[in-house]
Amino acid sequence: MRAIVMAATALIAGQVLLASTPGVAQDARLRVSASILPVHDLVRAVMHDPARPDAVPGLILPAGASPHSYALKPSEARALSEAAVVFRIGPDLEAFLDRPLANLASDAIKVDLVETPGLIHLPIRDDADFERHDHGKHEGHGDEGKEHAEHDHDKHDHEAENHAEHGDPHIWLHPANAIAMVGEIARTLSEADPDRAPLYRANAQRTVASLKAAMTRLEADWQMLLSAPEPVTFVVFHDSLQYFERWSGVASSGSITLNPEVPPGARHMQELRQRLSAQNVRCVFVEPQLDGRIARQIAEDAGLSVHVVDPIGSASIAGTADHGAGSYIDLIGGIRDTLGDCYRKHTGRSPFGTDSQPTVKD
Ligand SMILES: [Zn+2]
């Protein structure tokens, strides 16, 4: 009777709880998979159990691959099919997981973290949105809701405009979203594995505290960058950094392609060239997961320097067996380093006061 009530409750909640089968050891491993490295790092932190070093999630997207265009290999699809819990950002980012997730066992728990309550969502930007940027002005952190209202009446009929349900999918690059996702991950794992709920809760609290401490240190760096004698001016290959820009106040001057799977159109390129010169752009950021040839050509034509920025953080783990614990903080620190390199390249000085190594690691 109790089991029936529990099953009904679980169905109402929209998720099916894992049945506790008699005869199966209580410490049977909960198989968890995570799509991209930053999600993997947050899930790993919540699962961390010193007594069980094998309690780590699987990483679905290999190092150096782009979630925008990946296709699972058969062996990867088989490994994924054994997962009891799968975390991804959502269908707008990892569309390659739509079919594999639909084929998962019916009792598997699939979490689209983009649905996490309380997330900051930003609309997908087009050229006109970039022009609205007010460079060098830090807007602060209290006006997140305003952004939607400003764009609701957006009437641009752009070639690459995309009406993704949740807007720009690169949500993890705002640390407030990462913190909300840690809570969602802990809630999900606690439902799937109630015996370890206290562990997941404690891990989530510790993870949030360490994220907040690291982000506070980084916020001091953004203030230094924003008050430096010269602005740091850059374009990115695709518009991956909008959430980071909103958090840090350090704004890009646009992106080379509006959709990483479609080459930039002639009109967009014309607008981009005008902006490169009008905004005195100095740097082009290429991404290790995407083909940077067009970006390098544009940089060469316009006399700009090229720097690598990694919004997924996975380039650094290529060839390693360990998928980089602490990689979420490292990836934000990597963006800091790229911005510092751009600034230093054109001024000969570090924007961060000293030329010492980044201080993002504990
Ligand atoms: Zn992207």
**OP:** Have a look at Asp193, Asp168, Asp221 and point out the one that is in contact with a His (Cβ under 9 Å, 6 or more places away or on another chain), at pLDDT 95 or above and either within 16 Å of the ligand (Cβ to nearest atom) or charged (D, E, K, R) (or both).
**Re:** Asp168
Original post:
So which residues in segment 63-85 are within 16 Å of the ligand (Cβ to nearest atom) and either in contact with a Phe, Trp or Tyr (Cβ under 8 Å, 6 or more places away or on another chain) or at positive phi (or both)?
Top reply: Gly64, Pro67, Ser69, Tyr70
**OP:** Could you tell me whether segment 306-321 includes any residue that is away from the ligand (no atom under 16 Å from the Cβ) and modelled with pLDDT of 90 or more?
**Re:** yes
**OP:** Pick out the one residue from Gly254, Gly292 that is open to solvent by 10 Å² or more (accessible area, probe 1.4 Å) and in contact (Cβ under 8 Å) with a residue 24 or more places away in the chain.
**Re:** Gly292
**OP:** Check Arg275, Arg293 and return the single one that is closer than 26 Å to Pro351 by Cα and of a type in the set (Lys, Arg).
**Re:** Arg275
Original post:
Residues in segment 101-116 that are part of a loop (DSSP other than H, G, I, E, B) and farther than 13 Å from Ile185 by Cβ: how many?
Top reply: 6
Subject >> Residues of segment 85-111 that turn out to be among the charged types (D, E, K, R) and touching a Ser or Thr at 6+ places or on another chain (Cβ under 8 Å), as a count >> reply: 2
**OP:** Could you please find all residues in segment 46-69 being buried (at least 18 other Cβ atoms within 10 Å of the Cβ), of a type in the set (A, V, I, L, M, F, W, C) and more than 16 Å from the chain's Cα centre (by Cα)?
**Re:** Val46, Met47, Ala55, Val56
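Matching residues to (1) surrounded by 22 or more Cβ atoms within 10 Å (Cβ to Cβ); (2) over 22 Å from the mean Cα position of the chain (by Cα); (3) at pLDDT 95 or above:
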| residue | (1), (2), (3) |
| --- | --- |
| Arg246 | no, no, yes |
| Arg275 | no, yes, no |
| Phe285 | yes, no, yes |
| Glu300 | no, yes, no |
| Leu304 | yes, yes, yes |
Original post:
Are any of the residues in segment 221-241 open to solvent by less than 30 Å² (accessible area, probe 1.4 Å), acidic (Asp, Glu) and either more than 19 Å from Gly64 (Cβ to Cβ) or in contact with a strand residue (DSSP E or B) (Cβ under 6 Å, 6 or more places away or on another chain) (or both)?
Top reply: yes
**OP:** Give me a count of the residues in segment 256-288 that are within 16 Å of the ligand (Cβ to nearest atom) and over 19 Å from Asp341 (Cβ atoms).
**Re:** 8
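The values are calculated or read from the model by the stated rules, or taken from the named source; none is laboratory data. Because the structure is predicted, anything quoted here is derived from the model rather than measured. Counting neighbours? That spans all protein chains shown, and the Cβs are built from the backbone with ideal geometry, glycine included. Remember, those area values only see protein heavy atoms, side chains included, never the ligands or the DNA or RNA. Shrake-Rupley method; radii C 1.70, N 1.55, O 1.52, S 1.80 Å.
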